[in-house]
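> First the structure, then my questions, so here it is.
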Amino acid sequence: MNTHKIDLRSDTLTTPTDEMRQAMLNAIVGDDVYGEDPTVNRLQDMIAELFGKEAALFVPTGVMGNQIAIAVHTNKGDEVIVESESHLFHYETAAPSVISAVQMHCIPSKKGEMSLDDISQAIRSSEYYFPETTLICIEQTHNRHGGTVLSLDYMESLHELAKDRKVPVHCDGARIWNACAASGVQPHEYAKHVDTLSVCLSKGLGAPVGSLFIGTKKHVQKALHWRKLLGGGMRQIGFLGAAGIHAVEYHRDNLKVDHYHATTFARMIEEQTHVRVANSSGTIDTNIVIIDCGESPSSTTLQTACAKEGLLLSSGRGNYLRAVFYRDISIDDVNNAVDIFCSCYTKLKSDS
Ligand SMILES: *Cc1c(COP(=O)(O)O)cnc(C)c1O
């Protein structure tokens, strides 16, 4: 029926614009293993300044950025506090146990903000039989909770506690750009309350490849070693750096449109069907909509039916589906997605 697929599985599907491709083509490049790629150096300086930190390092993926952070902050046998639904815990192939040989200590939370009491109790005292807690990780925005935004106040209080207990904080900021667009908080204001961050260029910002690890010069010096060890020392990456610069300069504002599209989609499917939006904050904070399909139809049946009509959704836990909005999705796509979703839902409901 529809020839044009509306693919809402993830914002990683964002494709480079013509202007971005042009910027890539025109990039001045050099060998980055020698530190001589002027374009990636410019991107790193620009990101460090934007986040108010001393230095930043380009890495191929967000996973590598997070894993480098853990490697930089910990020693073998340490413990890292992470949120139970975090990307670090679920989607990074248990890499902390392989690369840094650390153990993860999961703390559940409502929308990504682990309670300070829980964190305080989880930080180990210095008994010889305990592992040492050497890092706390947070995720901004929080993916599995539905793109929820952690408040600046929360981050400030967490940072106070962590400093008090002498434990550094790392922020998995794959979608911190969405948090900034939604809250109006500047990158450096969030970054002030963490020691290191990793941020993605390849989600909603729409660069084809790339993330940055951000911290002090000392952190980045160590990160450089770990990036090489992990096989992430690259050569003429200015082509990717140019895409990143273009993304940061021109694509941040558009995230607000994605958020508006997500809210519109959520409101309309709730009006026209019995599904419930299940984002943990109770609202659509950013560009992710978690759909609770209820008792019937099952999420997989609905997902398959929608896919046949050209609407792709990803599956979540339980009877949940997920829809993610990004710059390649127009308002017409949003309206068509609503139509497809609602007609598939209604048909399956009347069949059951
Ligand atoms: C996408 C993502 C990452 C990094 O994933 P890569 O595919 O390695 O770039 C990390 N954290 C979160 C929350 C993400 O959504």
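The values are calculated or read from the model by the stated rules, or taken from the named source; none is laboratory data. This one's a predicted model, so the numbers in the text were calculated from it and none came from an experiment. Backbone-built Cβ (ideal geometry, glycine too); neighbour counts: all protein chains shown. Side chains are part of the model used for accessible areas, which takes the heavy atoms of the whole protein and leaves out ligands, DNA and RNA. Shrake-Rupley method; radii C 1.70, N 1.55, O 1.52, S 1.80 Å.
> Pairs of Cα atoms under 8 Å, at least six residues apart: use those to get the relative contact order of the chain, whole percent.
About 25 percent, as a whole number.
> Still on this structure, please answer the following. At what distance in nm do the modelled label points of residue 253 and residue 292 sit from each other, each positioned 7 Å from its Cα along Cα→Cβ?
For the pair residue 253/residue 292, the computed spacing is 3.8 nm.
> Can you say what percent of the DSSP beta bridges in the chain, counting only those with both residues inside, are antiparallel? Round to 5. Show your work: numbers first, answer last.
Values: 19 of 37 bridges.
DSSP beta bridges in the chain are roughly 50 percent antiparallel.
> On to the next question. Using a 1.4 angstrom probe with every protein chain in place, what is the largest-first accessible-area order of 144, 21? It would help to have the intermediate numbers written out before the result.
Working: 144 50, 21 130 Å².
Descending accessible area places them as 21, 144.
> Next question. Separation between the residue 300 and residue 312 pseudo-spin-labels, each 7 Å from Cα along Cα→Cβ, expressed in nm?
Label at residue 300, label at residue 312, 2.0 nm between them.
> Here's something else I'd like to know. In nm, to one decimal, how far is the residue 267 label point from the residue 28 one, both placed 7 Å along Cα→Cβ?
With each label placed 7 Å out from Cα toward Cβ, I get 4.8 nm.
> Okay, next question. Among residues other than residue 259 whose Cβ falls under 14 Å from its Cβ, what is the net charge (Lys/Arg +1, Asp/Glu -1)? Numbers along the way, then the final one.
Working: positive: 175, 203, 252, 256, 267, 327; negative: 11, 253, 258, 285.
Taking every other residue near residue 259 into account, the sum is +2.
> Note down the accessible area of residue 43, probe 1.4 Å, to the nearest 10 Å².
That residue has around 0 Å² of solvent-accessible surface.
> Around residue 133, which amide H atoms from residues at least 5 apart in sequence, or from another chain, sit under 5 Å from its own amide H, with H modelled in the peptide plane?
Counting only residues 5 or more places away or on other chains, the set is 79, 124.
> Using only the Cα atoms of segment 181-274, what do you get for the radius of gyration and for Dmax, in Å?
17.5, 54
> Enumerate the calculated ³J(HN,Hα) couplings along segment 77-91 in order (Karplus 6.51 cos²θ - 1.76 cosθ + 1.60, θ = phi - 60°), each rounded to whole Hz, writing x wherever the residue is Gly or Pro.
x, 7, 10, 10, 7, 10, 7, 4, 9, 6, 4, 4, 7, 8, 10
> Ordered by residue, what ³J(HN,Hα) values in Hz, to whole numbers, does segment 277-294 give under the Karplus form 6.51 cos²θ - 1.76 cosθ + 1.60, where θ = phi - 60° and Gly and Pro are x?
Going residue by residue, I get 6, 10, 4, 4, 7, x, 9, 8, 6, 9, 10, 10, 10, 9, 10, 8, 7, x Hz, with x marking Gly and Pro.
> Provide 117, 78 ordered by accessible surface of protein heavy atoms (probe 1.4 Å), highest first. Spell out each step's value before the answer.
Values: 117 110, 78 15 Å².
Highest to lowest solvent-accessible surface, that is 117, 78.
> To the nearest 10 square angstrom, how much accessible area does residue 249 have with a 1.4 angstrom probe?
100
> Continuing with the same structure: Between residue 97 and residue 164, what FRET efficiency comes out of the Förster formula 1/(1 + (r/R0)^6) with R0 = 41 Å and r the beta carbon distance, rounded to 0.05? Provide the component values of the computation, followed by the final result.
Working: r = 28 Å, r/R0 = 0.68.
Here the calculated transfer efficiency is 0.90.
> Under 5 Å between amide hydrogens, which residues at least 5 positions from residue 61 or on another chain qualify, with H placed 1.01 Å from N in the peptide plane?
The answer is 211.
> Using +1 at the C-beta of Lys and Arg and -1 at the C-beta of Asp and Glu, which of 34, 302, 320 has the Cα lying farthest in the positive direction of the dipole of the chain?
Highest projection toward the positive end goes to 34.
> Further question: Taking all pairs of different Cα atoms in segment 53-111, averaging 1/r and flipping that mean, what Kirkwood radius in angstroms comes out? Walk me through the numbers before you get to the answer.
Details: mean 1/r = 0.0822 Å⁻¹.
One decimal place: 12.2 Å for the Kirkwood radius.
> Taking just the alpha-carbon atoms of the chain, what radius of gyration and Dmax come out, in angstrom?
My reading of the Cα-based Rg and Dmax gives 20.8, 66 Å.
> Also, quick follow-up: On the principal axes of its Cα set, how long, how wide and how thick is segment 46-201? Give whole Å, largest value first.
That gives 44, 32, 29 Å along the principal axes, largest extent first.
> Below 8 Å, C-alpha to C-alpha, sequence gap of six or more: please give me the relative contact order for segment 172-222 in percent. Let's see the in-between values first.
Numbers: 59 pairs, mean separation 17.0, N = 51.
Computed over segment 172-222, the figure is 33 percent.
> Given the protein chains as shown and a 1.4 Å probe, how many square angstrom of residue 252 are accessible, to the nearest 10?
Residue 252 has an accessible surface of roughly 80 Å² with all protein chains in place.
> A follow-up question, please. To two decimal places, what compactness ratio does segment 111-186 give when its Cα radius of gyration is scaled by 2.2 N^0.38 Å?
Details: Rg = 13.7 Å, N = 76, 2.2 N^0.38 = 11.4 Å.
That ratio works out to 1.20.
> Can you compute 3J(HN,Hα) from phi for each residue in segment 124-141, using the Karplus curve 6.51 cos²θ - 1.76 cosθ + 1.60 with θ = phi - 60°, rounded to whole Hz and x for Gly and Pro?
Ordered by residue, 3J(HN,Hα) equals 6, 7, 8, 5, 5, 8, 8, x, 9, 7, 10, 6, 10, 10, 10, 10, 9, 6 Hz.
> Follow-up question, since we're still on this one. Could you calculate the contour length gain from residue 216 to residue 130, that is, 0.36 nm times the residue separation minus the distance between their Cα atoms, to one decimal place in nm? It would help to have the intermediate numbers written out before the result.
Details: separation 86, 0.36 × 86 = 30.96 nm, distance 2.89 nm.
Extending this stretch completely gives an extra 28.1 nm.
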